Amino acid sequence: MVIRTPDASDLAALQEIERAAGEAFRGLGMASIADDDPPSVDELLRYRAARRLLAAYGESGRGGRGKAAPGGRGKAAPGGPPVGYLFWEPVDGCVHIEQVSVHPDHARRGVGRALIDRAEGEGRGAAALTLTTFAEVPWNAPYYTRLGFRVLDDGELTPGLREIRAEEARRGLDRWPRVGMRRPRAARADGR
């Protein structure tokens, strides 16, 4: 798998990933979430320009091995359209994951985890990763717990996270229980 900043020509594919991933909410009685519009191309362009938009691509070639990238540096070149994406914001000294979505055809293959880990690496100097999510949706809070996030008590929410939660409530997302979560920055051998 290759994770990189997507080309502008891939942004419509990211919107399609969001639509496809959202369909799973319909089966939980959360049709309004399934029907929610994906981020606009303009919004995705802003994250891309800020270098806070990542896309995951499957590797091309036989047996999952990628082709050498142009320039012969030996890195795998992406094969085909993106299969997942993530965008983030700096919030209160942390990498705050605004959105991470994986196309259902590529779920349960480590794509989401790889995107989250890469975002952590991109947020040099950040103390932790944060996100807000649905507490009882299996591929939301329970999944992030398995990735090392923990649910924050209301008193642990930073000012920025409180504002994000308030905006989510204004948008009606609190019809279903939501939580803020945090994962401390991993100790990395390369010192980043």
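Key figures for this structure:
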quantity	calculated
Rounded to 10°, Cα long-axis angle of helix 11-22 versus longest principal axis of the chain	50 degrees
Residue-count net charge about residue 41 - beta-carbon cut-off 15 Å; Lys, Arg +1, Asp, Glu -1	-4
In sequence order, calculated HN-Hα J values of the range 142-151 (Karplus, 6.51, -1.76, 1.60; Hz; x Gly/Pro)	x, 5, 5, 4, 5, 8, x, 7, 10, 6
Nearest-20 debye value, the chain charge dipole, Cβ charges on Lys, Arg, Asp, Glu	1000 debye
Mean residue ellipticity (222 nm) of the chain, computed from DSSP H runs ≥ 4 via -39,500 (n - 2.57), nearest 500	-8000 deg cm²/dmol
Backbone HN-Hα couplings from phi across the range 154-163 [Karplus 6.51/-1.76/1.60, Hz, Gly and Pro as x]	3, x, 8, 5, 6, x, x, 5, 4, 5
The chain - convex hull of the alpha-carbon atoms, volume per residue in Å³	133 Å³
Compactness of the range 76-183 as Cα Rg over 2.2 N^0.38 Å, two decimals	1.09
Solvent exposure of the range 88-192 as accessible area per residue, Å², 1.4 Å probe	53 Å²
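The values are calculated or read from the model by the stated rules, or taken from the named source; none is laboratory data. What you see is a predicted model, and the numbers here were worked out from it, not measured in a lab. All Cβ positions, even for glycine, are placed from backbone atoms using ideal geometry, and neighbour counts span all protein chains on display. Note: areas computed on protein heavy atoms with side chains; ligands, DNA, RNA excluded. Shrake-Rupley method; radii C 1.70, N 1.55, O 1.52, S 1.80 Å.
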